Amino acid sequence: MNLRKVITAGLVCLYLFPAFVQAGTVTGKALFSGEAPPNQKIDMAADPVCSGMHKTDFLNERVVVNSNQTLKNVFVYVKEGLGGQAFPAPQTPAVLDQEGCWYYPHVQGMQAGQKLQILNSDATLHNVHAVAKNNAEFNLGMPLQGMKLEKTFSNPEIMIKMKCDVHPWMNGYIGVVSHPFYAVTGDDGSFEIKDLPPGEYTIEAWHEVYGTQTQKIAVPGGSVNADFQFSSSEIVDEASGLKITAEAPKPINRFDDSAALNKPRAKTGWWLPENISTYGGKLDRLFYVILWITSIVFIAVQVALLIFLFKYRDRPGAKAAYTHGNNRLEIIWTVIPALILVFLTIASQKLWSEIKGQPPAGAIPIEIQAEQFAWNVRYTGKDGKFGTSDDIKTINQLHIPVGKPVRVRLTSIAKDNKHPVIHSFFLPEVRLKQDVVPGMAIDVWFEATRTGQYEIACAEFCGLGHYRMRGFLSIHSQEGFDAWLREAAQGGIG
Amino acid sequence: MSESHQKQSFLRKYIFSVDHKTIGIQFLFTTLFFFLVGGALALLLRWQLAYPGKPMPVLGQVFPESMMVGGIMLPEFYNALFTMHASVMIFFAIIPLLVGAFGNFVVPLQIGAPDMAFPRLNMLSYWFFWPSAIVALSGFFVQSGAAATGWTAYPPLSAIEGTGQTLWVVAVIMVGASSLMGAINYLTTILNMRAPGMGLFRMPMTVWAIFITSVITLLATPVLTSAMIMLLFDRTMGTHFFLSEGGGHVLLWQHLFWFYSHPAVYIMILPGMGIVSDVISTFSRKPIFGYHAMVYAIMGIAFLGFIVWGHHMFQSGMNPTVGTTFMLSTMLIAVPSAIKTFNWLGTMWRGTLRFTSAMLNAIAFVSMFVIGGLSGIFMASTAVDMYFHDTYFIVGHIHYVLFGGSMFAAFAGVYYWFPKMFGRKLNEPLGKIHFALTFIAFNCTFFPMHILGIGGHMRRIYDPMQYTHLQHLQPINVFITLSAFVLGVSQLILLVNFVKSLKWGEKVGKNPWESNTLEWQAPSPPGHGNFETTPTVYRGPYEYSEPGRSSDFHPQSEAA
Ligand SMILES: [Cu+2]
Ligand SMILES: [Cu+2]
């Protein structure tokens, strides 16, 4: 009976939509004119697991121009013309793999309602964050190699950006459409959309840098050609999403600060990490003072104890002394510790007020908004004010110059209607730690005494991803920092 | 008729008992069980810290997918583990072990009372205690998992996490109620039911310690309870006591929480100090050195303990000037602790030390408490704390106080009073093996944590290998974990000894340790009502090696 139903239904379909029988195919190429930007090398040094997986330079896939002057990674799909037809989602899932700290494929299409299987092939933590508008956003940690997640986007959306909050360079795009008529260009820049019923369609080609192109085409049944022409003179402004005419690529005067940034770090073994701030040395000295005092007391007490244990062990004929104490001794061992402790209090107070007091004049203002689980860093930009359009923003990357005080204002924020929570801003080598508290704006300051690259850690437990709330501190030479600011202002770096 | 009567009396005698000794032993069994549970939780999380992302052999396959995938621990589970480890150890093992078990069993006996002042309230205290632990642990079986915001449960995080957190809050309110009932009972009993002649300054140090501890409990616990209720309201009724967006203040929780929880550290250490004083004096065969100083030091700790809570908040965003005030009080609280240490040394000086298992554990307490006390000074300094706050240094510090201190004292108490509880001794050779292994493994486990902290290792992180600045410290993590496993396995020796000695231990008379305090004048174990005749007290508790006597001890109740 079931079989008969199926056959009947099939026949009805065939009768009603003869178009399917003689479906058409759209083929074409994503052509490219102009000069391609040099493919940028991705620096994965931030996560040694990532950089260790690439023996040679790893190039960004943002713009890949094939040898035949065509573009790779262009998403082509039928935008209009299918009417209200519904197409069942395929049973096989689309796959997004995180491998070598990159998303594969970089650009892909899938159907709304189809399952998306997300893999982690790396032995490091990834955090897959879908930046979606028409679909539910998600942001999930995948700590384990071989871990799989399944997600579904139920609504069409061009395009959903996938990014990893642990590795800021990782991103990929997924085009979600309501039908199976889409393709992504490959190494020869060509695409093919098959089984398209005859009709009039609008076809759109999307590229992450060069924006979208549309074409109206008539598909009669059989094959139709539709090429798209992209040009290096038109690019999409990342912030606004609008197409703008690219000025001739200004040769950014890249200042090479790698000598300063890669300055070898002092090896300290299983002890305090090297100190790199102006006040850190004083803190270390106070630590050593306390360490000396406590070590002397510790050794004295333990040695006395050991001697007593040996000397006064119970032996035949031994008799214990009969005494209830000695008031003079009580006074001595009350007053001496009290004096030492008051001395330590005074010594600490001096340093404490230096660190917690007013930041030195001329400190560079920086704002850090901590969220679960990232550090959003902001600079004022040219106008010297926060909250204006020329603010420079980074995620997890704190750049500062050497030898100049910086003032960091710490706040806690929350995205996606969640609550903000407490974090703690910890720079081990600077010896700085300060909780970041919702509802408060707390200022801290420090001045680095050397250049180099260090880590920012979250030291207050802030939830599931607390352990990977890690940022990077890059201490530049003054010239390097100025150049970095310039490049960042031009949108060159995140 | 007689049969049903017997059955009822079994229930009344062992289950719903109002006898302080039975309740004390109930507390002892239950808390030792939770001590093993808390230890097991610690071992699970130690595996992850030493071998992050590696499947746990054998055991890993037992856990459901929500906790471990293919034997590999998930961060959700790790977070629940460190939260529940601390909560179980603090709320369900150490506090009720020292106060509930020893307080109950020892206090009426040592003051010569037939029972506690309020026997039914006493029973109720136990029946609030163990269900609270079940409520908290049941979080592991709800969908969101157990509470996972640390035992400090800082909001806003604790206000937004899943159902397990609600269970945790309810459990803490219940266990708080249990402690309050106990505290009221100890205070009343000690003030009103002392035997004739038992002046306040003839009380053994254990009684003094429980007395002062009860005062702390009575003053601090209501604050914790109200904070918990506010948190419960924030979670369930949409109030904003601790949420900044509704006009609440995030730091309010920390003030209220630490106003209880700092004194709670003394709730966990003072009874231990009392027990250790009794044990050291007995086995040194010498009066305690500076009895009055010892009592005043306990009072000093209790008083100062209430004005130091802000030292947990130096880096919290609290006004730095307020931090300075708390630094001073915190530094000063080290003074009474120093007084106590020197007096214990003074007690052993020129004694004749008998190295029983109880004595060995008491000596370990003194030695380890010194480390725990001295390491605290680093954090007492506001400036140095800026680096060490929330690192493993503080994890090492707290374990030297709570394991090196409280737990060694508890072990000393177990070895010391076991004969009084059950009429039989624990096996001494097994006791010494247990002590030696525990002492070594304890130091190997917790001392290296200071080194991790000095290296900048943050606490409460699921995978230290995420940070390049921590990777070179990883061998220390492996060493700590291996030591922790030895430490865990060593506790099974105590378990075996305990169970074995209940049945086959060497039988003892009234006073196996030749001790002075009143409990040793009662039969072992004491019957209902404790003493055959109400004792009269003629002298202080520590008159050992009095010149001119043939025996080297002089019981408090001996007329001449
Ligand atoms: Cu990643
Ligand atoms: Cu955080």
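The values are calculated or read from the model by the stated rules, or taken from the named source; none is laboratory data. Computed from a predicted model, the values in this text were never measured in an experiment. So basically every Cβ, Gly included, is an ideal-geometry build from the backbone, and we count neighbours across all protein chains shown. Just so you know, the surface numbers come from the protein's heavy atoms only, side chains and all, with ligands and any DNA or RNA stripped out. Shrake-Rupley method; radii C 1.70, N 1.55, O 1.52, S 1.80 Å.
Filtering the stretch A:108-137 to residues that are part of a strand (DSSP E or B) and either within 14 Å of another protein chain (Cβ to nearest Cβ) or within 16 Å of ligand 1 (Cβ to nearest atom) (or both) leaves A:Ile118, A:Leu119, A:Asn120, A:His126, A:Asn127, A:Val128, A:His129, A:Ala130, A:Val131. The number of residues in the stretch A:266-302 that are of a type outside the set (S, T, N, Q), open to solvent by less than 80 Å² (accessible area, probe 1.4 Å), in a loop (DSSP other than H, G, I, E, B) and more than 8 Å from chain B (Cβ to nearest Cβ) comes to 4. If the condition is being buried (at least 23 other Cβ atoms within 10 Å of the Cβ) and facing chain A (nearest Cβ under 9 Å), then the stretch B:348-372 contributes B:Met348, B:Gly351, B:Leu353, B:Ile363, B:Val366, B:Val370, B:Ile371. Taking the listed residues B:Thr239, B:Thr225, the one that is surrounded by fewer than 21 Cβ atoms within 10 Å (Cβ to Cβ), assigned to a loop (DSSP other than H, G, I, E, B) and β-branched (Val, Ile, Thr) is B:Thr239, with no other qualifying.
Residue-by-condition table, conditions (1) without any contact (Cβ under 8 Å) to a residue 24 or more places away in the chain; (2) open to solvent by less than 10 Å² (accessible area, probe 1.4 Å); (3) within 12 Å of another protein chain (Cβ to nearest Cβ):
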| position | (1), (2), (3) |
| --- | --- |
| A:Ile400 | no, yes, no |
| A:Gly403 | no, no, no |
| A:Ile413 | no, no, yes |
| A:Asp435 | no, yes, yes |
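Could you tell me whether B:Met359 is in a helix (DSSP H, G or I) and closer than 20 Å to A:Lys350 by Cα? Judged against the criteria, B:Met359 is not a match.
The rows are residues; the columns are (1) open to solvent by less than 40 Å² (accessible area, probe 1.4 Å); (2) assigned to a helix (DSSP H, G or I); (3) over 21 Å from B:Ser281 (Cα atoms); (4) free of Cβ contacts under 8 Å to residues at least 40 places away in the same chain.
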{"position": "B:Leu494", "(1), (2), (3), (4)": "yes, yes, yes, no"}
{"position": "B:Pro512", "(1), (2), (3), (4)": "yes, no, no, no"}
{"position": "B:Pro547", "(1), (2), (3), (4)": "no, no, no, yes"}
{"position": "B:Ser550", "(1), (2), (3), (4)": "no, no, no, yes"}
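The set of residues from the stretch B:532-545 being open to solvent by less than 30 Å² (accessible area, probe 1.4 Å) and away from every other protein chain (no Cβ under 14 Å) comprises B:Pro535, B:Val537. What are the residues in the stretch A:443-466 that are modelled with pLDDT under 95, out of contact with any Asp or Glu (no Cβ under 7 Å at 6 or more places or on another chain) and at the interface with chain B (Cβ under 9 Å from one of its Cβ atoms), if any? Scanning the stretch A:443-466 gives A:Glu455, A:Cys462, A:Gly463, A:Gly465, A:His466.
Consider the stretch A:142-176 and keep the residues that are within 14 Å of chain B (Cβ to nearest Cβ) and assigned to a loop (DSSP other than H, G, I, E, B). The one that is most open to solvent (accessible area, probe 1.4 Å) is A:Gln145. Looking at the stretch A:364-381, is at least one residue out of contact with any Lys or Arg (no Cβ under 6 Å at 6 or more places or on another chain), under 29 Å from B:Met318 (Cα atoms) and exposed (fewer than 15 other Cβ atoms within 10 Å of the Cβ)? Within the stretch A:364-381 (the criterion being out of contact with any Lys or Arg (no Cβ under 6 Å at 6 or more places or on another chain), under 29 Å from B:Met318 (Cα atoms) and exposed (fewer than 15 other Cβ atoms within 10 Å of the Cβ)), the answer is no, since none of the residues qualifies.
Taking the numbered list (1) within 27 Å of A:Glu354 (Cα to Cα); (2) within 16 Å of ligand 1 (Cβ to nearest atom); (3) in contact with a Cys (Cβ under 8 Å, 6 or more places away or on another chain); (4) not β-branched (Val, Ile, Thr) in turn, A:Ser424 passes all entries but (2). The one condition from (1) modelled with pLDDT of 95 or more; (2) open to solvent by 20 Å² or more (accessible area, probe 1.4 Å); (3) of a type outside the set (A, V, I, L, M) that B:Phe283 does not meet is (2).
Somewhere in the stretch A:303-320, is a residue within 9 Å of another protein chain (Cβ to nearest Cβ), of a type in the set (A, V, I, L, M) and part of a loop (DSSP other than H, G, I, E, B)? Looking for residues that are within 9 Å of another protein chain (Cβ to nearest Cβ), of a type in the set (A, V, I, L, M) and part of a loop (DSSP other than H, G, I, E, B), one finds at least one in the stretch A:303-320, hence yes. Screening A:Leu309, A:Leu341 for residues that are of a type outside the set (S, T, N, Q) and either open to solvent by less than 20 Å² (accessible area, probe 1.4 Å) or within 16 Å of ligand 1 (Cβ to nearest atom) (or both) leaves exactly one candidate, A:Leu341. Would you check which residues across the stretch A:376-410 are away from ligand 1 (no atom under 16 Å from the Cβ), out of contact with any Phe, Trp or Tyr (no Cβ under 6 Å at 6 or more places or on another chain) and of a type in the set (A, V, I, L, M, F, W, C) and list them? Once the filter is applied, which keeps residues that are away from ligand 1 (no atom under 16 Å from the Cβ), out of contact with any Phe, Trp or Tyr (no Cβ under 6 Å at 6 or more places or on another chain) and of a type in the set (A, V, I, L, M, F, W, C), the stretch A:376-410 yields A:Val377, A:Phe386, A:Leu398, A:Ile400, A:Val402, A:Val406, A:Val408. Residues of the stretch A:424-433 that are more than 8 Å from chain B (Cβ to nearest Cβ) and part of a strand (DSSP E or B): A:Phe425, A:Leu427.
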